[in-house]
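These notes are about the structure you will find just below.
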Amino acid sequence: MAGVKKRVVIVGGGTGGAMLANRLPPDEFEVTVVDRQPRHHFWPWLLYIAFKGSRKPISRDIRDVLKPHVNFIQSGARLINLNDRFVELEDGKRLNYDYLIVATGATVDYSKVPGLDKVTELYGNYHSTVENAWKVWSTINNFTEGTFAIILPPASFRCPPSPLEGVFLAEEFFRARGRRGKVKVTYVTFYPRPYPAEPVNEVIEPILRERGIEYVTFFTLDHIDPDKKAAYSMEGEEFKFDAAVVIPPHVGVDIKYVPETVLDQDRFVKADKYTNRIQGFDDAFVIGDASALPVAKTGVTAHLQACVVAKILQGEDARNSGRTNCPFDVGYGLGTFVISDYDHPAVKFPVNRLNHLFKVAFSAAYWDMVKYPELWDPIMDAYFDATSPAKLIPIYNR
């Protein structure tokens, strides 16, 4: 029937979900966002709570970041039935849809590393909650000597640069307080090099050496003994520390799916990497951290995927390029970016102050970018075009 709006249900009111909801024109779509939490968080700022003690607010009501025509239901989803096209809420209510977008993000699973829950209780982390980020801040403020380690286990996690960002900011913190002579900052990773993408590593590894930051590679974390202050690898190695911040493994949110075959072993949703269509379904999509796609779990990824899905829903032929554009804080007011796509390796992008300023500026503009994408899209499109890997690689990867 002419004039009937298409019903779009978006499960998750984070970056991807909110950006997509705000992009869909109200004369064509009836959009409903469902989220168990009432607040939308800017998760990247946990880094600056943990290592700078920042008190900048990092959350707002989800209702406030959505345009007035978007419906919001505060509820968890307990069942997503892709065969029969409905989402069942915690109270049993069913939301039927014409199009579904899964934007649930990811959650941490401490059980994947025995001992991790206790280590987090002692020292905190900056990938889960505001409370745990403040615990890291307390840890480094009270740490005066010994080995301070950041450990990356072999699992999915948000923001590929973030473990090393923490390492760099911790080193800066201890040096600024005159403790570097007594504090050894160490990064422990399962990768064969500090940063897995070699072009980026060629930028980062010399900085680690210059600042006297030690690193241990090929350490596949198996378990931790908090009492002995020791981490053990699957290879049988022992790493001793005096305080350790461990990046927690991330998994998909615990929602039942029909069919369950759309989920991988960590409950991430399988999808086509170009269109974000959930495997086997033309009317359902997954964006952001919830997907099992081979792309970085970052806000920029969710942003770009939301753009593509919004265009597809409006009848356009749009495809993801797999673009990453992760700001990378290396401390002391300096930064770089991790830039790549499906067709190009990472760019060997230089470190400078301007890159750090870009990261800070982005955080300041974030809330407007989420709510008013129509105002920011021309600016971001121009930026992404100017910094495309195809254009930068001939300049920097020599």
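Kirkwood Rh, region 329-398, all Cα pairs: how many Å? Kindly include the intermediate steps, with their values, before the conclusion.
On the way: mean 1/r = 0.0748 Å⁻¹.
Final number for the Kirkwood radius of region 329-398 is 13.4 Å.
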>> Counting only Cα atoms, I'd like the Rg/Rh figure for region 76-141, Kirkwood definition for Rh.
In response: 1.22
> On average over all directions, what projected area in square nanometres does region 257-398 have, based on the convex hull of its Cα atoms?
Replying inline: 10.0 nm²
>> Taking a ≥ b ≥ c as the square roots of the Cα gyration tensor eigenvalues, with a/c under 1.5 meaning rounded and otherwise prolate when a/b beats b/c, else oblate, which class fits region 120-192?
In response: oblate
> Percent of accessible area on the chain owned by carbon and sulfur, 1.4 Å probe?
Replying inline: 50 percent
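Counting each pair of different Cα atoms once, what's the Kirkwood radius of the chain in Å, rounded to one decimal?
About 21.9 Å, per the Kirkwood formula over Cα pairs.
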> HN-Hα J couplings of region 189-194 from phi, Karplus 6.51/-1.76/1.60, θ = phi - 60°, integer Hz, Gly and Pro as x?
Replying inline: 9, 7, 6, x, 8, x
>> With a 1.4 Å probe and all protein chains left in place, how much accessible area per residue does region 333-398 have, in Å²?
In response: 52 Å²
> Along the positive direction of the dipole of the chain (beta-carbon charges: Lys, Arg +1; Asp, Glu -1; about the Cα centre), which of 54, 245, 102 reaches farthest?
Replying inline: 54
> Got a sec to turn the phi values of region 380-397 into Karplus ³J(HN,Hα) couplings, 6.51 cos²θ - 1.76 cosθ + 1.60 with θ = phi - 60°, whole Hz, x for Gly and Pro?
Replying inline: 5, 4, 5, 5, 5, 5, 5, 10, 5, x, 4, 8, 7, 4, x, 7, 9, 8
>> Which three numbers, in whole Å and largest first, are the semi-axes of the equivalent ellipsoid of region 169-215 derived from its Cα gyration tensor as √(5λ)?
In response: 22, 11, 7
> Hey, what angle do you get for helix 198-210 against the long axis of the chain, alpha-carbon based, 0 to 90 degrees rounded to 10?
Replying inline: 30 degrees
> Residue-wise, which Karplus ³J(HN,Hα) couplings in Hz belong to region 134-140, taking 6.51 cos²θ - 1.76 cosθ + 1.60, θ = phi - 60°, and x for glycine or proline?
Replying inline: 5, 5, 4, 4, 5, 4, 6
> What share of all Cα pairs of region 10-138, in percent, falls into each consecutive 10 Å distance bin?
Replying inline: 12, 33, 30, 19, 5, 0
> Lysine pairs in region 309-398 8 or more apart or on different chains: how many have alpha carbons under 23 angstrom apart?
Replying inline: 5
> If you place +1 on the Cβ of every Lys and Arg, -1 on the Cβ of every Asp and Glu, and leave all else neutral, what size is the dipole of the chain about its Cα centre, to the nearest 20 Debye?
Replying inline: 980 debye
>> In whole Å, what are the extents of region 1-76 along the principal axes defined by its C-alpha atoms, from largest to smallest?
In response: 56, 22, 16
>> Normalised by the empirical 2.2 N^0.38 Å for globular proteins, what value does the Cα Rg of region 227-324 take?
In response: 1.44
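Is there a quick way to get the dipole size of region 30-76? I mean about its Cα centre, with the Cβ of Lys and Arg at +1 and of Asp and Glu at -1; what is the value in debye to the nearest 20? Working shown, then result.
On the way: 8 positive and 4 negative charges, 63 e Å.
Charge dipole of region 30-76: 300 debye, to the nearest 20.
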> Once the Cα gyration tensor of region 193-239 is diagonalised, what are the square roots of 5 times its eigenvalues, in whole Å and ordered largest first, as equivalent ellipsoid semi-axes?
Replying inline: 26, 13, 7
> How big is the gap, in Å, between the Cα center of region 97-115 and the Cα center of region 128-154?
Replying inline: 24 Å
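One quarter of the convex hull surface, Cα atoms only: what value does that give for region 56-108 in nm²?
Its average projected convex-hull area is 5.4 nm².
The values are calculated or read from the model by the stated rules, or taken from the named source; none is laboratory data. Computed from a prediction, not measured in an experiment: that's the story for all the values here. Neighbour counts are summed over all protein chains in view; Cβ atoms, including those assigned to glycine, are modelled from backbone coordinates with ideal geometry. Side chains are part of the model used for accessible areas, which takes the heavy atoms of the whole protein and leaves out ligands, DNA and RNA. Shrake-Rupley method; radii C 1.70, N 1.55, O 1.52, S 1.80 Å.
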